[in-house]
Amino acid sequence: MVLEGTARALLRRLAAEQAQSRVPSMVAALVRGGETVWFGARGQVDGQPPTQATQYRIGSITKTFVAVMVMRLRDEGRLDLLDPVGKHVPGTPVGDVTVAQLLSHSSGLTAESPGEWWERTPGVPAAELIAALGPESARHRPGRRLHYSNVGFALLGELVARKRSEPWEDAVRAEILEPLGMRDTTPRPRPPHATGYAVHPWADVLLPEPEHDHGAMAAAGQLWSTTADLVRWTSFIGGDTGEVLRPDTLAEMREPAVVEDGHAWTRGFGLGIQLSRHTGPGGARRLAGHSGSMPGFLATVWADPADGTGVLWMANTTSGVRGGLDTDLLDILAEHEPPLPAEWAPSPVDEDLLALTGPWYWGPAPYVLRLLPRRGLSLTPMNSQGRASRFAAMADGTWLGRDGYYAGETLRVVRAAGGVHLDINTFVFTREPYDPAVGVPGGVDPQGWR
């Protein structure tokens, strides 16, 4: 738990938001290392302060659960992210967009479903929704830009249902919620839960908002959850996937696919996961998570995989919560109680790898090779000008690029009579600049340096 002074500063920020934005009730929590280090609540639900067990509707955070189900299907070989959705949901008029484009909101599909305002009305079955779609449902060329699409996630929910032969919410419960212990995350509310309200813009009075089963559109925002459950989900997004998803698959979901503001790149999307960049007392953060909005409710979940910190909040109001509450809470925590660096400790390495460390040259450009845990390698330019990548050890004695320019490319250590060199997809790194003893492609001028 945080110190008393930190807790007071955090509660002060939450209290100011609830009072100034006139929110019936709000809850918030901060997460470190998978644990709740602070919980705060303001306002009332049924005459009592909300607790960590009080349900709120989480809106589009629902999409992150659907996205994880899609990635589980991908990892099982049941689909490919480049598949057109029509391959798995036949008869879809917009079936040429890919699964990856739907996940990243780059499909170009319309944001909302045909008919009445879906968020305030009962939903229709998937067959009826699909039949109502047509060529006009495509607003942009697929892949051209980020265009948020609730319809796209309705199609993904139907894809999951068809692949699992059960409703998407049943698959989510069995394969995600139960294994993670999130038993208070449900498609419809259960007591105790907050009632969703609209707050009058010019008077301190409330209007209850409707709540329905949204049928095929439910995959875009149906779920309800609690603070305790969302703490677990925040840790999941940050990397603690348990047995639900491979960590490298989650890392793939957090990779930027499209950005919302290309000139600044502060917001964007990966595969079903929202991304945000923020700089504060904790330094530069790249947050992963999702926000949620439904009539009567607002919610946000963010995790910083780099330091294992996360934040979440939920409120029962249609609008009004100002932007920045989440990052303000993170900043207060970082300013008052910055995390301690992990202790350094030596680790044994193989002599053959140790001999590879130190300077290498790509032509005349100096690089340095360092060892990483589990026989990994890091190749970085000495003068910060050049291509840096990390490499993971493979079973065949090669290394696979994990990030940077060489992501997906293979590094080989080549030992020959003339010496040792590194080969990265035909690029040769030598111990001396253009070492003539090594077979540098194109040869080396016989007169040497002069």
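Counting Cα-Cα pairs of the range 353-429 in 10 Å increments starting at 0 gives whole-percent bin shares of 19, 60, 20, 1. With the Kirkwood sum run over all distinct C-alpha pairs, the range 34-114 has a hydrodynamic radius of 16.0 Å.
Residues of the range 365-386 falling in the label zone of Ala342, defined by backbone nitrogen less than 15 Å from a point 7 Å along Cα to beta-carbon, are 371-377.
The residues Met69, Met382, when put in order of fewest to most other Cβ atoms within 10 Å, stand as Met382, Met69.
A full extension of the chain between Arg415 and Asp170 corresponds to an added length of 82.7 nm, given 0.36 nm per residue minus the alpha carbon distance. If only the Cβ of Lys and Arg carry +1 and only the Cβ of Asp and Glu carry -1, the dipole of the range 353-429 around its Cα centre is close to 200 debye.
Count Lys and Arg as plus one, Asp and Glu as minus one, and take only other residues whose Cβ is under 13 Å from that of Val160; the net charge is then +2. Calculate the spin-label point distance for Glu252 paired with Met382, positioning each point 7 Å from the Cα along the beta-carbon direction, and give it in nanometres. The two pseudo-label positions are separated by 3.8 nm.
Farthest towards the positive end of the charge dipole of the chain, among the residues Trp399, Leu155, Trp360, is the Cα of Trp360, using unit charges on the Cβ of Lys, Arg, Asp and Glu. Packing, as the average of other Cβ atoms within 10 Å across residues, places the peptides 244-250, 344-350, 139-145, 297-303 in the order 297-303, 244-250, 139-145, 344-350, highest first. Sorted fewest first by neighbouring Cβ atoms within 10 angstrom, Glu432, Glu351, Glu76 come out as Glu351, Glu76, Glu432. In this rough spin-label picture, where each label sits 7 Å from Cα along the Cβ direction, the Tyr148-Glu116 distance is 2.3 nm.
All of the numbers you see were taken from the coordinates with simple rules; none came from a lab. No experiment lies behind these values; they were computed from the predicted model shown. Here the Cβ is made from the backbone with ideal geometry for all residues, glycine too, and neighbour counts use every protein chain on show.
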